[in-house]
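The values are calculated or read from the model by the stated rules, or taken from the named source; none is laboratory data. Everything numeric here is computed off the predicted structure, so don't read it as measured data. Because the Cβ atoms are built from the backbone with ideal geometry, glycine has one as well, and the counts that use them run over all protein chains shown.
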Ligand code: GLU
């Protein structure tokens, strides 16, 4: 009997924890599990004492994370409830739980703002479809990738665009600060098509603005990672299966000076890749398996 009560209590705690991590929020409890009782942890996943930059987060009692507000499945903010959901939001909650930190404060970021917010110290980390590149490694630390996507194109169903050659003379909408334009120029060149920033691209601050431009006919295609494009599908548009290129490995980014935090996060990600936690988050959030190109 005692066992059954305990089991019930554990199941209820688990259900609460799932409900909380599934909905997230602007400033939400990390989890209802005993691991985040507010006491804070005193050791890294491998049992080492915490580095000063990690201890500072534990002492503050709030984990500050930059996430996307407009990428369903990864980081998405419900306009009515203002709550966040997605695998990157789940990752943030899980990190807070591992630190024993009770609250996660989410800040919405774009491709253009996420690095600046790290540099200014406004947030502790970015978990926001942030592709690891050699150039970016000069500015921020990145963990081992937790997901791999590829770049693609969203076009109107009657666009007539099916291959790289069809992009000649077209205007493509991309987000400022993203890898998309550079990747598309490179892959088009490999396929014998010359695209230039001046003639073939229009840059926008946010993804909803690119979709509006596509709907209005101001751009002929919307180019970014497939995971981001899938949030903008409707009856009038399609993602081109024939154009999928440039693997995008997503890592958690931290400010360059925060080496202790970077190591702590890398250990967590490797543990969660090995024990199936990340795979579970991918399937819980209806995200397609990582690109294996
Ligand atoms: N993942 C790509 C990048 O980091 C696309 C842009 C984005 O994440 O918003 O540049």
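Within segment 179-198, track down each residue that is surrounded by fewer than 17 Cβ atoms within 10 Å (Cβ to Cβ), without any contact (Cβ under 8 Å) to a residue 24 or more places away in the chain and outside any loop (DSSP other than H, G, I, E, B).
182, 189, 190, 197, 198
Would you mind finding the one in 134, 119, 102, 158 that is free of Cβ contacts under 8 Å to residues at least 24 places away in the same chain, away from the ligand (no atom under 15 Å from the Cβ) and surrounded by fewer than 24 Cβ atoms within 10 Å (Cβ to Cβ)?
Of the residues listed, the single one that is free of Cβ contacts under 8 Å to residues at least 24 places away in the same chain, away from the ligand (no atom under 15 Å from the Cβ) and surrounded by fewer than 24 Cβ atoms within 10 Å (Cβ to Cβ) is 158.
For segment 235-245, check the following and say yes or no: at least one residue is at pLDDT 95 or above and farther than 18 Å from residue 161 by Cβ.
No - not one qualifying residue is present in segment 235-245.
For segment 173-203, which residues satisfy the criterion of being touching a helix residue (DSSP H, G or I) at 6+ places or on another chain (Cβ under 6 Å) and away from the ligand (no atom under 11 Å from the Cβ)?
173, 188, 191, 193, 195, 201
Given the conditions (1) modelled with pLDDT under 95; (2) assigned to a loop (DSSP other than H, G, I, E, B); (3) surrounded by fewer than 20 Cβ atoms within 10 Å (Cβ to Cβ), which single one is not true for residue 31?
The one condition residue 31 does not meet is (3).
How many residues does segment 220-268 contain that are surrounded by fewer than 22 Cβ atoms within 10 Å (Cβ to Cβ), within 11 Å of the ligand (Cβ to nearest atom) and either outside any strand (DSSP E or B) or within 16 Å of the chain's Cα centre (by Cα) (or both)?
Here the count works out to 3.
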